[in-house]
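For reference, the structure is listed below as structure tokens.
The values are calculated or read from the model by the stated rules, or taken from the named source; none is laboratory data. Note that the coordinates shown come from a computational prediction; the quantities given were computed from them, not determined experimentally. No Cβ is skipped: glycine too gets one built from the backbone with ideal geometry, and neighbour counts run over all protein chains shown.
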Amino acid sequence: MPTGNKSLTSQEIPFEKVTGTVDVTERLRQMNITQRHAVLATVSDAGPYTSLVDFALTPDMKNVVFAVPKTANKFRHVQQNKEVSLLIDTRKNSVSDYLKAEAVTLTGVAKVVKKGKRWDEFSKILIKKHPILKKFVHAPTTVLILVEVRRRLHVSRFQTISY
């Protein structure tokens, strides 16, 4: 690891993929605390599309919940194709990110949560993490989306992959 004023050199960047041993569930638990936003990737007839969402993971780390306006492209895309992915990362946009930043890609199926007991449960999880979104989440123009995670991929130290 670079220390002090020493700059990162290209010789320090790993050029081969390494299988990691990270406890992905625990890393997700920590990232759920420290990271507020995720990049949502969807696909529509027009092709791939990415957007930022304020997310929260369920306590079991198996689902992701977020809210979107009914008029948003991301909502239309989820209606067209329920297969989505989310990227949660710790980058700070600095050179040290090459070896220090982590990213978790979650892939799964997105579903609209209908009003009722489940909606109440998932909205509370999202609002607890993002209290500023309370009015937005409860607005009649907002939809709550739950992603049932099917695959998790954690990347650290540039090319260390854990599942």
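A few notes on this one:
- Test: residue in region 107-124 that is at pLDDT below 95, within 14 Å of F55 (Cα to Cα) and in a strand (DSSP E or B): no
- Selection from region 130-141 of residues that are in contact with a helix residue (DSSP H, G or I) (Cβ under 8 Å, 6 or more places away or on another chain) and either of a type in the set (A, V, I, L, M, F, W, C) or crowded, with 18+ Cβ neighbours inside 10 Å (or both): L133, V137
- Cβ pairs under 8 Å, 6+ apart, first in region 105-119 and of a type in the set (A, V, I, L, M, F, W, C) and exposed (fewer than 14 other Cβ atoms within 10 Å of the Cβ), second outside any strand (DSSP E or B) and modelled with pLDDT under 95: none
- Of the residues in region 80-97, at least one is among the charged types (D, E, K, R), closer than 19 Å to Q35 by Cβ, free of Cβ contacts under 8 Å to residues at least 24 places away in the same chain and assigned to a helix (DSSP H, G or I).
- Some residue of region 54-72 being assigned to a loop (DSSP other than H, G, I, E, B), without any contact (Cβ under 8 Å) to a residue 60 or more places away in the chain and among the small types (G, A, S): yes
- Every condition in (1) surrounded by 14 or more Cβ atoms within 10 Å (Cβ to Cβ); (2) under 17 Å from the mean Cα position of the chain (by Cα); (3) closer than 22 Å to T141 by Cα; (4) not polar (S, T, N, Q) holds for L52 except the one numbered (1).
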